[in-house]
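Everything on this sheet refers to the single structure shown next.
The values are calculated or read from the model by the stated rules, or taken from the named source; none is laboratory data. Because the structure is a prediction, the values reported are computed rather than measured. Here the Cβ positions follow ideal geometry from the backbone for every residue, glycine too, while neighbour counts run over all protein chains shown. Note: areas computed on protein heavy atoms with side chains; ligands, DNA, RNA excluded. Shrake-Rupley method; radii C 1.70, N 1.55, O 1.52, S 1.80 Å.
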Amino acid sequence: MSIVSFKGTRDGLAITLGEGAWHDILNELATQLKRPSAQSFFQGARVFLETGERALDVLQIEELIAPIAVKMP
């Protein structure tokens, strides 16, 4: 399983963070967002972030939101 996974649901797009080093998660997210199909996958979608047991601080949340916000039209 990837350390970052995307799943379309009827409520929107769920992004799930797996276990791993924070910089690895951010790199994987960036890689996933660069895929050609990412634009159509995100277009008009409501995004849900599932962090599991990981507690995020404000800086980490901002680091996750920035690349996603750029991808959203």
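What do you get for the angle between helix 22-33 and the principal long axis of the chain? Use alpha-carbon atoms, 0 to 90 degrees, nearest ten.
Roughly 10 degrees between the two axes.
How large is log10 of I(q)/I(0) for the chain at q = 0.12, 0.17, 0.26 Å⁻¹ when the intensity is taken from the Debye formula with one equal scatterer per alpha-carbon?
For the chain, the Cα-only Debye profile gives -0.29, -0.60, -1.46.
Post the alpha-carbon centroid distance, region 20-73 to region 1-19, in whole angstrom.
When both Cα centres are located, 9 Å separates them.
Using a 10 angstrom Cβ neighbour count of at most 12 plus a DSSP loop assignment to flag exposed trypsin sites (Lys or Arg not before Pro), which longest range of the chain is free of such sites? Show your work: numbers first, answer last.
Values: sites that count: Arg10, Lys34, Arg46.
With trypsin sites (Lys or Arg not before Pro) excluded where exposed in loops, the chain gives 47-73 as its longest stretch.
Roughly speaking, what is the stretch gain from Leu56 to Phe41, that is 0.36 nm per residue apart minus the C-alpha to C-alpha distance, in nm to one decimal?
That works out to 2.9 nm of additional length.
Using unit Cβ charges (K, R positive; D, E negative) and no other charged atoms, how large, in debye to the nearest 20, is the dipole of region 1-41 about its Cα centre?
Using only the charged Cβ atoms, the result is roughly 220 debye.
Using the heavy atoms of the protein chains and a 1.4 angstrom probe, tell me the accessible area per residue for the chain in square angstrom. Each step should come with its number before you reach the end.
Details: 4950 Å² over 73 residues.
Value for the chain: 68 Å² per residue.
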